[in-house]
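Visitor: Structure below; questions to follow.
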């Protein structure tokens, strides 16, 4: 039985990956600040080990017989307003945790074959702005440079902080994750809430492109990256068919068979409510999934209708 260590395993994405790993017979160890916590039913047989990245504390013994590491840890980007303190926490939580993994793999005896790390499509800039200035055309691909903004710089530091595992002979895959659609929370709940009152909230112009990924496809991507020895480097973890903000909201309303009235939330209101984070809400991110598809990955939910209909059936 292969053993997988997961950081950030207590979150939405972590839970989805763990369920699939357990179903496939993997042994799962979750690194967490609180190893006494209770996991939901179906995940109760995972092993919990302690780490505190900010202080460099880690139970390194669990790495001795581990085969893989899935690295998801990082403070939630959209959980709080972006004050200077919060932005530092977002960046440091990623860089410090990656650095601790690198240090542990380098310092202690282990047989880890591969590290599969999270990143985000926040790496890329605003497609509309980029196209307007004539510097590129078409969707963003993995070789495009990082955006000159907070999330671009954060993703760059994040990826660079885990990259040294390749110097110690570990295969590294980094998945730049799009907007994750799940019935259990995440970004989708923010779109669902107004629908409960019959309102379909379209943000800004509604024309901005959203590159999304169904939670089940994302979890399967992590397992594919873990099991396929030919995969290495950066891959965009997004569905093949991005949609506009307006299309997402309307399709979501239809999938839930709710009466709704479309209304636009002006950009200036979003800027007042969310501050700098509104840049990301209004940004158009058309991101390509071609490299992932060329690696042989088959999407179960390639269209927004596929994903939302599944989610509506579960909700």
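Visitor: Can you give me the number of residues within region 142-162 that are in a loop (DSSP other than H, G, I, E, B) and surrounded by fewer than 15 Cβ atoms within 10 Å (Cβ to Cβ)? It would help to see each step written out before you state the result.
Guide: Within region 142-162, the first condition is being in a loop (DSSP other than H, G, I, E, B), and the residues that meet it are 142-149.
Within this subset, residues satisfying the condition of being surrounded by fewer than 15 Cβ atoms within 10 Å (Cβ to Cβ) are 143, 145, 148.
The total comes to 3.
Visitor: Does residue 284 meet the test of being in contact with a helix residue (DSSP H, G or I) (Cβ under 8 Å, 6 or more places away or on another chain), within 20 Å of residue 206 (Cα to Cα) and in contact (Cβ under 8 Å) with a residue 60 or more places away in the chain? Step through it out loud before you land on a result.
Guide: Numbers: in contact with a helix residue (DSSP H, G or I) (Cβ under 8 Å, 6 or more places away or on another chain): yes; within 20 Å of residue 206 (Cα to Cα): yes; in contact (Cβ under 8 Å) with a residue 60 or more places away in the chain: yes.
For residue 284, the condition - in contact with a helix residue (DSSP H, G or I) (Cβ under 8 Å, 6 or more places away or on another chain), within 20 Å of residue 206 (Cα to Cα) and in contact (Cβ under 8 Å) with a residue 60 or more places away in the chain - is met.
Visitor: Could you run through region 199-212 and say how many residues are surrounded by fewer than 17 Cβ atoms within 10 Å (Cβ to Cβ) and under 18 Å from residue 124 (Cβ atoms)?
Guide: 1
Visitor: Taking residue 165 as meeting all but one of (1) outside any loop (DSSP other than H, G, I, E, B); (2) in contact with a strand residue (DSSP E or B) (Cβ under 7 Å, 6 or more places away or on another chain); (3) more than 26 Å from residue 114 (Cα to Cα), write down the number of the exception.
Guide: (3)
Visitor: When you check residue 189 against the structure, is it farther than 24 Å from residue 125 by Cα and without any contact (Cβ under 8 Å) to a residue 12 or more places away in the chain, yes or no?
Guide: Taking the combined requirement at face value, the residue satisfies it.
Visitor: Can you name the residue in region 185-198 that is in contact with a helix residue (DSSP H, G or I) (Cβ under 9 Å, 6 or more places away or on another chain) and surrounded by 15 or more Cβ atoms within 10 Å (Cβ to Cβ) and, of all such residues, is nearest to residue 160 (Cα to Cα)?
Guide: So, considering only residues that are in contact with a helix residue (DSSP H, G or I) (Cβ under 9 Å, 6 or more places away or on another chain) and surrounded by 15 or more Cβ atoms within 10 Å (Cβ to Cβ), the one nearest to residue 160 (Cα to Cα) is 186.
Visitor: Only strands (runs of 3 or more DSSP E) wholly contained in region 1-110 count here; list those with 3 or more residues that are touching a strand residue (DSSP E or B) at 6+ places or on another chain (Cβ under 8 Å) and surrounded by fewer than 19 Cβ atoms within 10 Å (Cβ to Cβ).
Guide: Values: elements: 3-7, 27-32, 47-52, 68-71.
Ranges flagged: 47-52.
Visitor: Would you mind finding the one in 175, 181 that is in a strand (DSSP E or B), buried (at least 22 other Cβ atoms within 10 Å of the Cβ) and at pLDDT below 95? Outline the logic, then answer.
Guide: Values: 175 fails: at pLDDT below 95.
From the options 175, 181, the qualifying one is 181.
Visitor: Being modelled with pLDDT of 90 or more and within 22 Å of residue 222 (Cβ to Cβ) is the requirement here; does residue 98 meet it?
Guide: Numbers: modelled with pLDDT of 90 or more: yes; within 22 Å of residue 222 (Cβ to Cβ): yes.
In short, yes.
Visitor: Follow-up question, since we're still on this one. Mind checking which residues of region 1-31 are more than 18 Å from the chain's Cα centre (by Cα) and free of Cβ contacts under 8 Å to residues at least 40 places away in the same chain?
Guide: If the condition is that a residue be more than 18 Å from the chain's Cα centre (by Cα) and free of Cβ contacts under 8 Å to residues at least 40 places away in the same chain, then 1, 22, 23, 25, 26, 27, 28, 29 are the ones that fit.
Visitor: What is the residue count in region 123-134 for residues that are assigned to a helix (DSSP H, G or I), within 18 Å of the chain's Cα centre (by Cα) and at pLDDT below 95? Working first, answer last.
Guide: First, pick out the residues of region 123-134 that are assigned to a helix (DSSP H, G or I): 123, 127-132.
Then keep just the ones that are within 18 Å of the chain's Cα centre (by Cα); that gives 123.
Filter again for at pLDDT below 95, leaving none.
Count: 0.
Visitor: While we're looking at this one, here's another question. For region 235-256, name all the residues that are in contact with a helix residue (DSSP H, G or I) (Cβ under 7 Å, 6 or more places away or on another chain) and in a strand (DSSP E or B).
Guide: Matches in region 235-256: 235, 236, 237, 243.
Visitor: Read through the list (1) touching a strand residue (DSSP E or B) at 6+ places or on another chain (Cβ under 9 Å); (2) within 17 Å of residue 77 (Cβ to Cβ); (3) surrounded by fewer than 17 Cβ atoms within 10 Å (Cβ to Cβ), then give the number of the only condition that residue 270 fails.
Guide: (3)
Visitor: Exactly one condition in (1) out of contact with any strand residue (DSSP E or B) (no Cβ under 6 Å at 6 or more places or on another chain); (2) touching a residue at least 60 places away in the same chain (Cβ under 8 Å); (3) under 30 Å from residue 156 (Cβ atoms) is not met by residue 259; state its number.
Guide: Of the numbered conditions (1) out of contact with any strand residue (DSSP E or B) (no Cβ under 6 Å at 6 or more places or on another chain); (2) touching a residue at least 60 places away in the same chain (Cβ under 8 Å); (3) under 30 Å from residue 156 (Cβ atoms), the odd one out for residue 259 is (3).
Visitor: Which one of these does residue 278 not meet: (1) within 28 Å of residue 125 (Cβ to Cβ); (2) surrounded by 16 or more Cβ atoms within 10 Å (Cβ to Cβ); (3) in contact (Cβ under 8 Å) with a residue 12 or more places away in the chain?
Guide: Evaluating residue 278 over (1) within 28 Å of residue 125 (Cβ to Cβ); (2) surrounded by 16 or more Cβ atoms within 10 Å (Cβ to Cβ); (3) in contact (Cβ under 8 Å) with a residue 12 or more places away in the chain leaves (3) as the failure.
The values are calculated or read from the model by the stated rules, or taken from the named source; none is laboratory data. Everything numeric in this text was worked out from a predicted model, so none of it was measured. Ideal geometry is used to build each Cβ from the backbone, glycine not excepted, and the neighbour counts take in all protein chains shown.
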